[in-house]
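Asks: Below you'll find the structure I mean.
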Amino acid sequence: MTSTELLNPRPLREFIAALTRLAERRLPEPAMLAEARPLLAALVSQDDWLPPELAEPDPVRYRQFLLYADPLSRFSIVSFVWGPGQATPVHDHTVWGLIGMLRGDEESQGYLLGAQGYAQPSGEPVRLRPGQVEAVSPTLGDVHRVRNLHADRTSISIHVYGANIGAVQRSVYPAEGGRKPFVSGYSNAWLPNLWDLSKEH
């Protein structure tokens, strides 16, 4: 029996169903974030559903595993897996997003883009602990840098975005100024099977 067969699929499956119902209502962004936030908080309050293969860190860089992509690209769900001390570059998203902390601790530092094209830190960094949820979007603040606060262990966060985030053209903001386009893609080539209800009877 593989480790994915030991997965408890119900929390993620129910989360997907709830997000799909929200997406069908075509809510304005503030209402979508407000209604999706407690759903994500409930998901990350449990830690028995993420397949171990989609929680494996890479020794060199953080990993982004796709858990589910809505077939109409209305949202996607990913697990971000951070090895000890790993961090992102300063980057944007271009769509709304929610970040829920599952394991470990992250720090998110917001940035503002100056007139000269330099990204400058803005405000105090935000620490995310297990069970906490934060939002990003072009209207709330879309540029940040995230890092694993632990130098000796993995941290994992679950992200929900208002698009198929691995296919969205976004930008990173180097220290020397300007922006560089990127498309993140995903670290996995397979998705967990959440739909085999025969094992629950």
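Asks: Taking Gly185, is it surrounded by 13 or more Cβ atoms within 10 Å (Cβ to Cβ) and either at pLDDT 95 or above or within 19 Å of Ile16 (Cα to Cα) (or both)? Steps first, answer last, please.
Replies: Numbers: surrounded by 13 or more Cβ atoms within 10 Å (Cβ to Cβ): no; either at pLDDT 95 or above or within 19 Å of Ile16 (Cα to Cα) (or both): yes.
In short, no.
Asks: A further question follows. Select, from Phe65, Phe15, the only residue that is buried (at least 20 other Cβ atoms within 10 Å of the Cβ), within 13 Å of the chain's Cα centre (by Cα) and either within 16 Å of Leu194 (Cβ to Cβ) or in contact (Cβ under 8 Å) with a residue 40 or more places away in the chain (or both). Step through it out loud before you land on a result.
Replies: Working: Phe15 fails: within 13 Å of the chain's Cα centre (by Cα).
When all the criteria are applied, what remains is Phe65.
Asks: May I ask you to say which residue of Arg179, Arg147, Arg170, Arg127 is out of contact with any Pro (no Cβ under 8 Å at 6 or more places or on another chain), more than 23 Å from Pro84 (Cα to Cα) and of a type outside the set (Gly, Ala, Ser)?
Replies: Details: Arg147 fails: more than 23 Å from Pro84 (Cα to Cα); Arg170 fails: out of contact with any Pro (no Cβ under 8 Å at 6 or more places or on another chain); Arg127 fails: more than 23 Å from Pro84 (Cα to Cα).
Unique residue meeting the criteria: Arg179.
Asks: The conditions are (1) in contact with a Ser or Thr (Cβ under 9 Å, 6 or more places away or on another chain); (2) over 23 Å from Arg21 (Cβ atoms); (3) among the polar types (S, T, N, Q); (4) outside any loop (DSSP other than H, G, I, E, B), and Ser79 fails exactly one of them. Which is it?
Replies: It fails just one condition, (2).
Asks: Starting from residues that are under 14 Å from the mean Cα position of the chain (by Cα) and within 18 Å of Tyr161 (Cα to Cα), keep the ones in region 107-130 and report whichever is surrounded by the most Cβ atoms within 10 Å (Cβ to Cβ).
Replies: Looking at residues that are under 14 Å from the mean Cα position of the chain (by Cα) and within 18 Å of Tyr161 (Cα to Cα), I get Leu128.
Asks: Right, another one. Can you name every residue in region 150-169 that is of a type in the set (S, T, N, Q), within 18 Å of Asp58 (Cα to Cα) and open to solvent by 30 Å² or more (accessible area, probe 1.4 Å)? Break it down into steps so the answer makes sense when it comes.
Replies: At the first step, the residues of region 150-169 found to be of a type in the set (S, T, N, Q) are 154-155, 157, 164, 169.
Those still in the list that are within 18 Å of Asp58 (Cα to Cα) too: 154-155, 157.
Selection gives Thr154 alone.
Asks: For region 100-144, how many residues meet the condition of being of a type outside the set (A, V, I, L, M, F, W, C), outside any loop (DSSP other than H, G, I, E, B) and either under 21 Å from Ile77 (Cβ atoms) or touching a residue at least 40 places away in the same chain (Cβ under 8 Å) (or both)? Please lay out each step first, then the result.
Replies: Step one: of region 100-144, the residues of a type outside the set (A, V, I, L, M, F, W, C) are 100, 103-111, 114, 116-118, 120-125, 127, 129-132, 134, 137-139, 141-142, 144.
Of the ones still in play, those that are also outside any loop (DSSP other than H, G, I, E, B) are 100, 103, 106-111, 120-121, 127, 134, 137, 141, 144.
Those left that are additionally either under 21 Å from Ile77 (Cβ atoms) or touching a residue at least 40 places away in the same chain (Cβ under 8 Å) (or both): 100, 103, 106-108, 111, 134, 137, 144.
So the answer is 9.
Asks: Now for a different question. For Thr94, only one of the following conditions fails: (1) open to solvent by less than 10 Å² (accessible area, probe 1.4 Å); (2) part of a loop (DSSP other than H, G, I, E, B). What is its number?
Replies: Unmet condition: (1).
The values are calculated or read from the model by the stated rules, or taken from the named source; none is laboratory data. As the structure is a prediction and not an experimental result, all values here were calculated from the model. Glycine also receives a Cβ, built like all others from the backbone with ideal geometry; neighbour counts cover every protein chain displayed. SASA here: full protein model, heavy atoms, side chains in, ligands and nucleic acids out. Shrake-Rupley method; radii C 1.70, N 1.55, O 1.52, S 1.80 Å.
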